[in-house]
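This report refers to the structure that appears directly beneath it.
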Amino acid sequence: MATNVIMFYLFSAVIIIFALLSITTRRILRAAVYLLFVLVATAGIYFMLQYQFLAAVQLTLYAGGIVVLIIFSILLTHQINNKFEVPGVGKILLGAGVAIAGAALTIPAILSYPFPAVAQHALDVNMQTIGIGLLHTGKNGYALPFEVISILLLASMIGAIVIAKKGK
Amino acid sequence: MIQGIPFTHILIVSTIMFFIGVAGFITRKNLITMLMSTELILNSVCINFVVFNRYLYPINLQGHFFTMIIVAIAAAEASVAIALIINIYRRFSSIEVSDVSEMKN
């Protein structure tokens, strides 16, 4: 068995097991740390697909930014030693039922769909290609989404400050 | 593409992750853990975009840029959601969904 096959299944197992733990654990700080493991394993999959820049973005923004933000808000709003009460049987059955039914519908569809075979040669993704793509206005350029996302980030930053500041 | 890994295996992993997120969103009653389930869902969609890009259309970079934009939107969403959660905590001293049942006064 090749090393990359073993690595891929290792990352997949980490993703599935820690995602399950993250939604079932009864301590909230542990849920955040399990979520961190899931995000780091996702970055590993991006590395295996040779999108190094995307993996770096995933590590810094998700694992470095969002998880730290979540942990800060947990520390601000919780007693750490508290455990969640177990949700009711009806809730658990509903959640598991929806998830299993959705997966049972989706996975056979994925397995039976005839995806076209790949014939093209792969594009080498370096920083120059990404930078030109982000700021280019013609074909295969993403200047407009880039500007819109900048405005969105600015608006959400101001909105977060206005919402969270103490009342007048 | 990853040598020796069929395309559908990665899609199955991301599908399972998506439905774990959905199940967590239904069963959890705490606002922060619901936000975590949303992050799981967004992350699985990101994996899908990247894998479709790499395996089916490796000559283009659409999935790559979509994923970057999704990550930025997830950051914006998390910051606004946490500001709202902190505001709710200040008002109700709790962030359990069942305790937050009235909107004003």
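B:Ile95 sits among other residues whose Cβ lies under 12 Å from its own Cβ, and their net charge, with Lys and Arg +1 and Asp and Glu -1, is +2.
Length gained on full extension, A:Leu75 to A:Ala143: 20.6 nm, using 0.36 nm per residue less the C-alpha separation.
Among A:Phe72, B:Phe18, sorting on how many other beta-carbon atoms sit within 10 Å of each Cβ, with the fewest leading, yields A:Phe72, B:Phe18. Volume per residue of the convex hull around the Cα atoms, evaluated for chain A, comes out as 208 Å³. The three principal axes of the Cα atoms in chain B give end-to-end lengths of 57, 25, 16 Å, sorted in falling order.
Stretching the chain fully between A:Val86 and A:Leu154 yields a gain of 20.6 nm (0.36 nm per residue, less the alpha carbon separation).
Of the residues B:Ile69, A:Ile151, A:Ile23, the one with the fewest other Cβ atoms within 10 Å heads the list, and the complete ranking is A:Ile151, B:Ile69, A:Ile23.
Neighbour counts of C-beta atoms inside 10 Å place B:His9, B:His64 in the sequence B:His9, B:His64, starting with the fewest.
Each Lys or Arg adds one and each Asp or Glu subtracts one; over the other residues with Cβ under 12 Å from the Cβ of A:Gly159, this totals 0. Look at where the Cα atoms of the stretch A:138-168 and of the stretch A:64-113 average out, and the two centres are 27 Å apart. If you find the alpha carbon centre of the stretch B:38-105 and of the stretch B:14-37, how far apart are they in angstrom? If you average the Cα positions of each part, the centres end up 12 Å apart.
Going by the alpha-carbon gyration tensor, a ≥ b ≥ c the square roots of its eigenvalues, is the stretch A:1-83 rounded (a/c under 1.5) or, if a/c is not under 1.5, prolate (a/b greater than b/c) versus oblate? Oblate, since a/c reaches 1.5 and b/c is not below a/b.
Helical runs (DSSP H, four residues minimum) scored at -39500 (n - 2.57) apiece and divided by the length of the protein assembly as shown put the mean residue ellipticity at 222 nm at -24000 deg cm²/dmol. Estimated at 0.36 nm per residue, the fully extended path between A:His121 and A:Ala109 surpasses their Cα-Cα distance by 1.6 nm.
Computed from the coordinates by the stated procedures, all read-outs in this text should not be read as laboratory data. It should be emphasised that the depicted structure is a prediction, and the values quoted were computed from it without experimental measurement. Every residue, glycine as well, gets a Cβ built from its backbone with ideal geometry; the counts of neighbours run over all protein chains shown.
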